[in-house]
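Bear in mind these aren't lab numbers, they're just calculated from the coordinates by the rules spelled out. Please read all numbers here as calculations on a predicted model, not as lab measurements. Cβ placement follows ideal geometry from the backbone for every residue including glycine, while neighbour counts extend to all protein chains displayed.
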């Protein structure tokens, strides 16, 4: 009968080998030490920022070959919000952001925004909005809209032009969330929180494609993130519900 047992050997941190014994044959199977990164890369992101640089003002994308600039108050190399070995995140205190040149992302007829966030306690109040990802005036903008003391909802906008709806699920401070908004070819946005669908918003197909930078943690109109952010990705496709769930599971959040 097949048996599974850990192999006592010098292994790379975060990598586990399991041997299966069957009639003298013992193949080794390696579990990935970066399950979240693997899940994201499977879906061919148009832009992917791990935000794990240890120091400096520059932020590199996994894809494409772009460099963003971190400015304001940005704390580097904080604990990751995923299960990936060796990964790090950044914390923004309400005045910092990452600014990326326009070539990193152009809209397609369907697309998706994705990030992992944890809001700093004391940051969410009614009417206080926290930026996650923005493509500036007229562009697609994902933020967390404060609805009360310590609570909020995902909020999708055509920046500075129209509010396109909010998630049906509330998020709280000091809790880690995998957040996604997908937009279909028909312009319908769908919210996901920790892998679970959380409502839809208003149909919109008129996002402005401008020469403005993509911003992480800030909109062009003085809204900033107060919290930790990790693993920002943008896709030129509508992620399926199954793939959103797979990403959340890979992060250990579903």
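Footprinting exposure proxy ranking of 223, 209, fewest other C-beta atoms within 10 angstrom first, gives 209, 223. Once C-alpha pairs closer than 8 Å and six or more residues apart are averaged by separation and normalised to the residue number of region 102-254, the relative contact order reads 32 percent. Ranked by how many other Cβ atoms sit within 10 Å of their own Cβ, fewest first, the residues 141, 235 fall in the order 235, 141. To the nearest ten degrees, helix 241-250 and the longest principal axis of the Cα atoms of the chain are 60 degrees apart.
Computed from these coordinates, which is Cα Rg over 2.2 N^0.38 Å: (i) 0.96; (ii) 1.12; (iii) 1.07? Recomputing Cα Rg over 2.2 N^0.38 Å here picks out (iii). Taking the fewest neighbouring Cβ atoms within 10 Å as the starting point, the ordered list for 145, 106, 135, 88 is 106, 88, 145, 135. The distance between label points at residue 60 and residue 93 comes to 2.8 nm (points 7 Å beyond Cα on the Cα→Cβ vector).
The orientation-averaged shadow of the Cα convex hull for region 90-157, equal to a quarter of the hull surface, comes to 5.3 nm².
So, R0 is 30 Å and r is the distance between the beta-carbons of residue 202 and residue 128; what FRET efficiency does that work out to, to 0.05?
Calculated value: 0.85.
Residues of region 125-148 with amide nitrogen under 17 Å from the 7 Å Cα-to-Cβ point of residue 168? Answer for this model: none.
From the Cα gyration tensor of region 66-200, with a ≥ b ≥ c the square roots of its eigenvalues, which class applies: rounded if a/c is under 1.5, or else prolate if a/b is larger than b/c, or else oblate? Cα axes put region 66-200 in the rounded bin.
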